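Notes follow once the structure below has been shown.
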């Protein structure tokens, strides 16, 4: 069986990072106080590149105070409602509320879980059925490093996956207007719609490659967490650029990149429920200089069997276009998994049930 290993993050215009992806760990292990967190987030409007340092502080130290609606609102307003910071803050609150459930297991137990997950993930990738699914994509842009997102458009994309050839994409609708019935299928839809797009990474390739021996992935136990009421262990990982299959594409240019991030592993099923990927070692003269993806997986039924597949994804890219910094955000919902060969039509447009309005 031919295996598709290459995956792509692409943008159709030239793309500079929101900030460094390298977080500086602090020596203190004492939980953050509300005063300390307020002081940190007040730096963000003038220094958005410090977001990753704040995320690292929250992950390492946690919080020592109840997370109130007022604090959530303050962090959202000062960070431009940054999704990563919001999720990390909620994780810290869960650890504060239930520290016993957040206790890390012994190293040996964690390594055994990681090895079971490696076996289960690679076996699942090889046994994945041919299927089709509809992607509902809400695209936004922001200028500078403000994170002040401006709606760009809504896309409905049909995706067909075959184990021997990977993904094929077809644009069904743009802003609710159906495409031509003879719209082409291709390995990427970026040239048809412009702007930012992602292919391959949401499905099998990236997650399977994470556990392949040739990737030489370095794992480190980082935390515990709850994902949809499932107890998980959180591992940080890094894949050096020479062993990475992540590819960035801008216009007609492409470049390889390393990656780092985290995986959330269900402690009972030995499967990955959430996957974070951040591009690293991007060559200095390449248009795309920052790229990050977060994918949530859940069990879906295809035919008579259940498979663990993406249900939600968020892709963040940053660019410079004619000396102007531009950020791009794609929020993706996956709907209507079914066996390959069925027809996907534009039955409904993206609505608030799929993309609830952002909190102020």
- request: For the range 52-82 and the range 210-280, write down the distance between their C-alpha centroids in whole Å.
  value: 23
- prompt: Quick one: if you stick a label point 7 Å off each Cα along the C-beta vector at residue 72 and residue 109, how many nm between them?
  reply: 3.1
query: Tell me, what is a quarter of the convex hull surface for the C-alpha atoms of the range 122-339, in nm² with one decimal?
result: 13.2
- prompt: In which sequence would 134, 240 go, from the one with the fewest C-beta neighbours within 10 Å to the one with the most?
  reply: 240, 134
query: Label-point separation (nm) for residue 238 and residue 39, each offset 7 Å from Cα along Cα-to-Cβ?
result: 2.9
query: Using only Cα atoms, what Kirkwood radius does the range 34-97 have, in angstroms?
result: 11.5
- prompt: residue 49 to residue 94: FRET efficiency via 1/(1 + (r/R0)^6), r the Cβ-Cβ distance, R0 45 Å, to the nearest 0.05?
  reply: 0.95
query: If we sort 268-275, 106-113 on the protection proxy, mean other Cβ atoms within 10 Å, highest first, what's the order?
result: 268-275, 106-113
- request: Based on the mean of other Cβ atoms within 10 Å per residue, sort peptides 136-143, 93-100 so the most packed one is first.
  value: 136-143, 93-100
task: State whether the range 287-335 is rounded, prolate or oblate according to the following rule on the C-alpha gyration tensor (a ≥ b ≥ c being the square roots of its eigenvalues): a/c under 1.5 gives rounded; otherwise a/b larger than b/c gives prolate, and the remaining case gives oblate.
output: prolate
- request: Would you mind getting me the FRET efficiency between residue 127 and residue 220? Use the beta-carbon distance for r and R0 = 35 Å, nearest 0.05.
  value: 0.75
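Each value in this text was obtained by applying a stated rule to the coordinates, not by laboratory testing. Predicted model only: the values in this text are computed from it and were never measured. Ideal geometry is used to build each Cβ from the backbone, glycine not excepted, and the neighbour counts take in all protein chains shown.
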